[in-house]
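The values are calculated or read from the model by the stated rules, or taken from the named source; none is laboratory data. Please read these numbers as outputs of a predicted model, since none were measured by experiment. Positions of Cβ are backbone-derived with ideal geometry, glycine not excepted, and every protein chain shown enters the neighbour counts.
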Amino acid sequence: MKGEGIVNVVMLIFCGFMLYAVERLPVPAATDELGPAFYPRLIVYAIIVFNVLQLIVLVFTKAKNKGGNIEFHFGRFLIMVVIMTAYVFSLSHIDYKIGTFLLILSLMVLLGVKSYKLLLSVSVLAVGAIYLFFELLLNVHIS
Amino acid sequence: MKSLFKKLAIVGVAAMFIGGCSSEGASDSEKGGEEVSFPKRDIEIIVPYAPGGTTDTASRALTSVVSEYLPGGYNVTVVNKEGGAGVIGTTEVFNAKADGYKIGMTTVGPMTIKPHTDNTSYSPDTIEPIMQVVATPNVLVVKKDAPWQTYEEWFEYVKANPGEFTYSTTGAGLTQHITMEAFSAETGVKLKHVPYEGGAPAVSALLGGHVDGAVVQTLEAYPQIEAGELRALVNTGSFKSKGYEDVPLLSEVGVNVASDVWTGLIAPPETPKEVIDVLHESFKQALEDPKVIETFEKLGVEPLYAGPEEFGEIMKRDYDLNEEVLKSAGIIQ
Amino acid sequence: MIEAFAQVFELQTLLLVFLGVFLGVLFSAIPGLTATMGIALLIPYTFSLPQVPALGMLLGIYIGGMYGGAITAILIRTPGTPSAAATLLDGYPMAAKGQAGKALNFATIASFVGGIISCVILILVAPQLASFGLKFGPAEFFALAVFGLSIVGTISGKHAIKGMVIAALGLLIATVGMDPIGGVPRFTFGSINLTSGVSFIPALIGLFAVSQVIKEVEEKVKGSQQKKIKFQRERISLKEHFSYWKDYLRSSLIGTFIGIIPGTGTSIATFLSYNESKRFAKKERKKEYGTGIPEGVIASESSNNAVTGGALVPLLTLGIPGDVVTAVILGGLMIQGVTPGPLLFQNNGTLVNSLFITLIIANIFMLLIGLFAVRFVGKIVDVPKNILLPIVVTLCFIGSYSLSNNLFDVWIALVFGVIGFLLEKFNYPLAPLILGIILGPIIESNLRRTVIESSGDLSVLFTRPISGIFLTIAIVSFVFPLLKSLWNRFKGNEEEDDSSLSA
């Protein structure tokens, strides 16, 4: 699947960025100390090597194109991500009970639950259970 | 793994959980004769470490009894907000509303060291001290079969062999490390510091013979000393804690270095004085409560009270001192 | 000795131990809650209890806590605790094949066996073992961790190079935060939350659970048709269990061994055990690891429970906790006035005996709870996906928050969920990322400590026997399969063995 090369390229760009960040780290004061930059630098190099290796293999491969194309229902994925992001964001602004209720509700709708009874009852029950367990029992307040 | 071995993790969580006594809390309270405007509801105390460390312990021990001393009998709940070696929780206290309903515990690290190294938003000048609760000195320990029986013998050795003696500590940039750097600056000896991630790993490294010595809190080394496996050479703190009476202080052997690991209560800046006074009074009495004293003793922790002004001075003194040491050790510019 | 029995076999003690085990299983099953949290929350209650029941309860939580995570790992591909991370490698595929009951059953028995074997070892040879654990210095830890890393080929399924990229990525992620030796903040981009690094458990939850939920949503999982996995109550005969005796034994021993070494966590034990289990399997069987075979579950679950007995060795004999959980237990012990350490066996001999007996009882309780729970818990699989998934994802988020009361952790879970989803879309294995994140700090801090202690002389790594052995095996197991498969790849050979690459 040649399309996978994209991932490698993305990673290489990422590595470039990381190398830049690594070079900004301080050099060690003591002499026989590796310092904070040594290890991350090593790792980034390793990632670069692996990605290059992968690209080479991709280019020179003699094997037939295994497996079909990657199916990607981008639309649903996006909706899902938006819903979840909105939820996490909402946690800092509105009471988590409301946010959680909405989250469960919207996800169930996204997944195709049609019956209103089910939608409401599950959401309410779930929020109730979470409230009981986390807030009362464990003293975890989501403020 | 990722979570650091809390340097004081040996000491566990004490005393009554809020849940245990909250059932008796506000409902049983008797309103005293006078009308006090503070507190009017439960108070939150932020502990900047994960449950199970000394700071957390001390807090839970205190909060379990403090409702008996607070006007109105309200409770104080412990909320753990760990991260950034204590900075995250302390910052939250700094940013909280100055009404006394959100206070915090803090220790040397986040309050006097981190502001220099990490650009925190707070410093001892801008935070409102309430009181000091606990203080523990650090000790230098070596194995029982080490060739140095006393501090003097050890000192001769390290002076003659710069860069040879390796010692483990609970972490880089923490009090033990800073104290030893100050020691090196004062005496001119060169030691090699090997940081570990907590008191327990530091002690086990010593036991396994991977380092020559360890600088840890008194309570972390105590079981081994009691069993005769380790020997304490010198106490780097300002007082001698129980069980360490015959270990000399650095100040007694001619080195002008003394710092303890203290824990204390703080409040957001601009908190009104009356509020601080109420909190101070209640917690002071809680600290003197026999139950608390008993718990602290079992944990090997010594309560060391200091009032707001004194505590503020201690913080500032360590803050300035640490700035110098950090600079000369090359950790900050 | 008789006294010890008497102390344990009274109603209060037994009840509390049972309660402890139950709570341990419950807490560790819920993603985001850990046994550590459970113990820390319950310690205050133990203060008012007498010694044996109090400690019994804590130990119960510890033991139960090592098992519960497997339940969610198998059923919804979310390890409830890090110790169950390796369980999902084969546990979840088994559930996907309709063998959830069987997988849970194996997990229960394996946990029990691991626990008992490590208890026996603890009871018989505790003091001698302790000194062994101390021999592990920075060089040895480094070597052990690198050895752990070398198993990345094993858990990458068919995509070895991709696995290595992922593992390296994990190592890199682990460097975010304050560096372990100098305390210098790295890659924090100004965020205070990142100074303590990327929180591990939320990342774990996000990577496996949240990504799975996204995947199921994206693949248009509708209602109750499509791939509904019927839960079958399967009984596994004793004979079948016995046929795996070698795996049980080997994994338990590995777990105990790792537990004895202070500073290693259960996750390492489980991954190592999984790897060794595969290494010693018959050739045809090797290929099946990862597709859902009992050996995988056994390897992971016996070793993580075996760590309990092992970790108690340094705790009791030296007063040194082996990991975060034992550190909190240590606190609980001290509150009861018990100071673990070299003098413990002398001063509190009877208590120690009671503790040993309690441990065995706790394991038995865990077995009972497990076998009983399997019947109910498995039904979760029957819940229609479109109701289950929203609840799961919500639990993931709330759980991530409850760890440190920090919203940032929830964001981590979310971000890792998306990353995990995307990675899997492009056929990248996820497990090596966990491996990298766990082992990263160990590798780096110990490498640097070795350098400090030996003043720059790295040959120490090979001249010291223990580290030399581990490193050599690591290098060989790392390089050899890689070269082999690269060679085959270029030659265009399609059929290859376990570590073949795939485009």
Hey, any hits in the range B:223-234 for a residue that's part of a helix (DSSP H, G or I), at pLDDT below 85 and surrounded by 22 or more Cβ atoms within 10 Å (Cβ to Cβ)? yes
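C:Val418: touching a residue at least 40 places away in the same chain (Cβ under 8 Å), crowded, with 24+ Cβ neighbours inside 10 Å and facing chain A (nearest Cβ under 7 Å), yes or no? If you could, list the steps in order and put the result at the bottom.
Values: touching a residue at least 40 places away in the same chain (Cβ under 8 Å): yes; crowded, with 24+ Cβ neighbours inside 10 Å: no; facing chain A (nearest Cβ under 7 Å): yes.
The answer is no for C:Val418.
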Can you confirm whether B:Val93 is among the β-branched types (Val, Ile, Thr) and either surrounded by fewer than 20 Cβ atoms within 10 Å (Cβ to Cβ) or assigned to a strand (DSSP E or B) (or both)? no
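Inspect the range C:211-225 for any residue being basic (Lys, Arg), outside any helix (DSSP H, G or I), at pLDDT 80 or above and more than 25 Å from the chain's Cα centre (by Cα) and give the result as yes or no. I'd like the intermediate steps shown before the answer.
Restricting attention to the range C:211-225, the residues satisfying the condition of being basic (Lys, Arg) are C:215, C:220, C:222.
Cutting the leftovers down to outside any helix (DSSP H, G or I) gives us C:220, C:222.
Applying the additional criterion that residues be at pLDDT 80 or above yields none.
No, there is no match, as no residue in the range C:211-225 is basic (Lys, Arg), outside any helix (DSSP H, G or I), at pLDDT 80 or above and more than 25 Å from the chain's Cα centre (by Cα).
Taking the range C:312-331 as the region of interest, how many residues are closer than 12 Å to C:Leu59 by Cα and more than 7 Å from chain B (Cβ to nearest Cβ)? Don't jump to the end; show me each part of the working.
Let us first name the residues in the range C:312-331 that are closer than 12 Å to C:Leu59 by Cα, namely C:312, C:325-326, C:328-330.
Still in the running and more than 7 Å from chain B (Cβ to nearest Cβ): C:312, C:325-326, C:329.
Matching residues across the range C:312-331 total 4.
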All-but-one check, C:Arg448 against (1) more than 30 Å from A:Tyr87 (Cα to Cα); (2) out of contact with any Leu (no Cβ under 8 Å at 6 or more places or on another chain); (3) of a type in the set (Lys, Arg), failing number (2)
As an exercise: evaluate C:His159 against (1) surrounded by 24 or more Cβ atoms within 10 Å (Cβ to Cβ); (2) more than 14 Å from chain B (Cβ to nearest Cβ) and give the number of the one condition it does not meet. (1)
Within the range C:394-407, the residues that are within 10 Å of C:Ile76 (Cβ to Cβ) and either at the interface with chain A (Cβ under 9 Å from one of its Cβ atoms) or surrounded by fewer than 24 Cβ atoms within 10 Å (Cβ to Cβ) (or both) are C:Leu395
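Out of B:Val261, B:Val325, B:Val275, which single residue is in contact (Cβ under 8 Å) with a residue 24 or more places away in the chain, under 30 Å from B:Lys97 (Cα atoms) and assigned to a helix (DSSP H, G or I)?
After ruling out the rest, the residue left standing is B:Val275.
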Determine whether C:Thr291 is in contact (Cβ under 8 Å) with a residue 12 or more places away in the chain and surrounded by fewer than 21 Cβ atoms within 10 Å (Cβ to Cβ). yes
In the range B:287-295, is there at least one residue being touching a residue at least 60 places away in the same chain (Cβ under 8 Å), in contact with a Phe, Trp or Tyr (Cβ under 6 Å, 6 or more places away or on another chain) and either of a type in the set (Ser, Thr, Tyr) or outside any helix (DSSP H, G or I) (or both)? no
B:Val79 meets each of (1) facing another protein chain (nearest Cβ under 7 Å); (2) aliphatic (A, V, I, L, M); (3) surrounded by 24 or more Cβ atoms within 10 Å (Cβ to Cβ) with one exception, condition (3)
Is it the case that C:Gly341 is of a type outside the set (A, V, I, L, M), in contact (Cβ under 8 Å) with a residue 60 or more places away in the chain and more than 17 Å from C:Ile74 (Cα to Cα)? no
From the list B:Glu164, B:Glu152, B:Glu128, which one is closer than 22 Å to B:His210 by Cα and either in contact (Cβ under 8 Å) with a residue 24 or more places away in the chain or in contact with an Asp or Glu (Cβ under 9 Å, 6 or more places away or on another chain) (or both)? B:Glu164
Run down C:Pro432, C:Pro390 and say which single residue is surrounded by 21 or more Cβ atoms within 10 Å (Cβ to Cβ) and at the interface with chain A (Cβ under 10 Å from one of its Cβ atoms). C:Pro390
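Look through C:Ile357, C:Ile320, C:Ile329, C:Ile369 and report the one residue that is assigned to a helix (DSSP H, G or I), surrounded by 19 or more Cβ atoms within 10 Å (Cβ to Cβ) and modelled with pLDDT under 85.
C:Ile329 is the lone residue from the list that is assigned to a helix (DSSP H, G or I), surrounded by 19 or more Cβ atoms within 10 Å (Cβ to Cβ) and modelled with pLDDT under 85.
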In the range C:269-317, anything farther than 28 Å from B:Ala221 by Cα and either assigned to a loop (DSSP other than H, G, I, E, B) or among the β-branched types (Val, Ile, Thr) (or both) is listed as C:Thr270, C:Phe280, C:Ala281, C:Lys282, C:Tyr289, C:Gly290, C:Thr291, C:Gly292, C:Ile293, C:Val297, C:Ile298
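Restricting to the range C:34-57, and then to whatever is part of a loop (DSSP other than H, G, I, E, B) and in contact (Cβ under 8 Å) with a residue 60 or more places away in the chain, can you tell me which residue is farthest from the other protein chains (Cβ to nearest Cβ)?
Out of the qualifying residues, it is C:Thr34.
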C:Ala413 vs (1) at pLDDT 85 or above; (2) touching a His at 6+ places or on another chain (Cβ under 8 Å): all pass except (2)
Taking A:Phe89 as the residue in question, decide whether it is modelled with pLDDT of 85 or more and more than 7 Å from chain C (Cβ to nearest Cβ). yes
Quick one: in the range B:82-103, of everything that is under 19 Å from the mean Cα position of the chain (by Cα) and away from every other protein chain (no Cβ under 13 Å), which residue is nearest to B:Pro303 (Cα to Cα)? B:Ile103
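Scan the range C:165-188 and give yes if some residue there is over 16 Å from C:Glu444 (Cα atoms) and surrounded by 24 or more Cβ atoms within 10 Å (Cβ to Cβ), otherwise no. It would help to see each step written out before you state the result.
Quick first cut of the range C:165-188, residues over 16 Å from C:Glu444 (Cα atoms) only: C:165-166, C:188.
The next check asks that each one be surrounded by 24 or more Cβ atoms within 10 Å (Cβ to Cβ); those that pass are C:165-166.
Taking every residue of the range C:165-188 in turn, at least one turns out to be over 16 Å from C:Glu444 (Cα atoms) and surrounded by 24 or more Cβ atoms within 10 Å (Cβ to Cβ).
Before we move on, is C:Thr264 more than 18 Å from the chain's Cα centre (by Cα), part of a loop (DSSP other than H, G, I, E, B) and modelled with pLDDT under 90?
Working: more than 18 Å from the chain's Cα centre (by Cα): no; part of a loop (DSSP other than H, G, I, E, B): yes; modelled with pLDDT under 90: yes.
Against the criterion (more than 18 Å from the chain's Cα centre (by Cα), part of a loop (DSSP other than H, G, I, E, B) and modelled with pLDDT under 90), C:Thr264 does not qualify.
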